[in-house]
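Trainee: Attaching a single structure in structure tokens format; questions to follow.
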Amino acid sequence: MTHTIFIDGEAGTTGLEIRQRLEGRADLAFISLTGDKRKDLAARAEALNAADAVILCLPDEAAKEAVAMIENTTTRVIDASTAFRVAPGWTYGFPEMDAVQRGEIVGSRRVSNPGCYPTGFIGLMRPLVKAGIVPRDWPVTVNAVSGYSGGGKSMIAEFEDGEGAPPFRAYGLSLKHKHVPEMTKHSCLKHDVLFAPAVGDYRQGMLVEVPLQLSALPETPSIDRLHGCLVEAYDGCRFVEVAGLDETEAMTGLDPEGLNGTNRMRLHVFGHRDGSQARLVALLDNLGKGASGAAVQNLNLMLGLDEATGLS
Ligand SMILES: NC(=O)C1=CN([C@@H]2O[C@H](COP(=O)(O)OP(=O)(O)OC[C@H]3O[C@@H](n4cnc5c(N)ncnc54)[C@H](OP(=O)(O)O)[C@@H]3O)[C@@H](O)[C@H]2O)C=CC1
Ligand SMILES: CC(=O)N[C@@H](CCC(=O)OP(=O)(O)O)C(=O)O
């Protein structure tokens, strides 16, 4: 059986990556808009309604516009933007985040693909909050660095074509980053997380870190307890893994580009085993498990296929 797919925003950073990941799939046929048709409302409306599944790789407003143009009850939607990540009626497209999530995605017609930073953060924090190791009302900070492709075509142009992009830049300084609502909600936290992102002068790959003062937490959890909780949460997951404590202990650095080109995410628990502090760090490709890889994984699930089809 062939499924018809339309990627709205196919010429952008996320859209192109998705298209490349789906290239050569005999089970899929594509509707593609080129030239002036790319942004033509009538052409987009026709494509959106003709496809079995659409993947929206658009700015938020254009994504909302696309969803409003779908007039049938059969087209299935994966939205890569921020527009619907905490919206009622939408399923959050992070299959590994809970035992029931994969099944929810399989049965959903509206799936919001998670943000890149939230994938790392929720991956680290949700199991700890659900297990009661980190209280729901805990004040949580998240520090992160991303490659510049995270900012789409305009940021890629700034770093690759412009003059004088800095080697490292802190941003999100107003503390109102668009990812805060989904990070907070899907980690089951009560208070907005304090999010401190940065962008580096390299194309893709990211580290998302949560520092924890263990002795301030209610039960002073050990490194082993944190690690054990994450290992249990991701047992059997194809794309989310937890680095062993021996491996982590021997590391002197962590390269944000380490999983580029894959749909994988690796979680680390750094700290002395008998110490009272921990640095939880997620490593992922912002264009892989942080965006395009995750979208393909969700598409596979929604089409009733093995979630790993075409992914590494
Ligand atoms: N880059 C990343 O790492 C990630 C991005 N995302 C999200 O995915 C979405 C796409 O981001 P990204 O690919 O980086 O952005 P880009 O700017 O690289 O691409 C966006 C694409 O959408 C097109 N577009 C804009 N407005 C319209 C419209 N009204 N109708 C049709 N096409 C339109 C643009 O056209 P034109 O080429 O003419 O500008 C462009 O090709 C965003 O919501 C982003 O937040 C999510 C996770 C990670
Ligand atoms: C480096 C950089 O600018 N990154 C982007 C986030 C990339 C991402 O995940 O975007 P979505 O929320 O659109 O999915 C930012 O901070 O806005």
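Trainee: Within 9 Å, Cβ to Cβ, of ALA63, how many net charges do the neighbouring residues add up to if Lys/Arg are +1 and Asp/Glu are -1?
Mentor: Summing Lys and Arg as +1 and Asp and Glu as -1 gives -4.
Trainee: Let me ask another. Placing one identical point scatterer on every Cα of the chain and ignoring solvent, what is log10 I(q)/I(0) from the Debye formula at q = 0.11, 0.13, 0.14 Å⁻¹?
Mentor: Debye output, listed in q order: -0.67, -0.92, -1.06.
Trainee: How far is it, in nm, from the label point at GLN20 to the one at ALA165 when both lie 7 Å from their Cα along the line to the Cβ?
Mentor: Using points 7 Å along Cα→Cβ, the separation is 1.6 nm.
Trainee: I've got another one for you. Report the full-extension gain for the segment ALA29 to ARG136: residue separation times 0.36 nm, less the Cα-Cα distance, to one decimal in nm.
Mentor: Between ALA29 and ARG136, full extension yields an extra 34.0 nm.
Trainee: Please give me the summed charge of the neighbours of GLY162: other residues whose Cβ is under 14 Å from its Cβ, Lys and Arg +1, Asp and Glu -1.
Mentor: -3
Trainee: PHE195: net charge of surrounding residues, Cβ under 13 Å, Lys/Arg +1, Asp/Glu -1, itself excluded?
Mentor: -1
Trainee: Figure the gain on full extension for ARG38 and SER215 (residue separation times 0.36 nm, minus the Cα-Cα span) and round it to one decimal in nm.
Mentor: That works out to 58.2 nm of additional length.
Trainee: Within the range 268-308, which trypsin sites (Lys or Arg not before Pro) sit in a loop by DSSP and count at most 11 neighbouring Cβ atoms inside 10 Å?
Mentor: Sites meeting the loop and neighbour criteria: ARG273.
Trainee: Measuring from label point to label point, each 7 Å out along Cα→Cβ, what is the ALA99 to THR73 span in nm?
Mentor: For the pair ALA99/THR73, the computed spacing is 3.2 nm.
Trainee: Quick one: P(r) of the range 116-286 from all Cα-Cα pairs, 10 Å bins, percents rounded to integers, in order of increasing distance.
Mentor: In whole percents, the pair-distance histogram is 10, 38, 36, 14, 3, 0.
Trainee: Shifting gears a bit: Ranked highest first by the average count of other Cβ atoms within 10 Å around their residues, in what order do 117-124, 15-22 fall?
Mentor: 117-124, 15-22
Taken together, the values in this text are just the output of simple stated rules run on the coordinates, not laboratory data. In this text, all values refer to a predicted model and were calculated from it rather than measured experimentally. Glycine also receives a Cβ, built like all others from the backbone with ideal geometry; neighbour counts cover every protein chain displayed.
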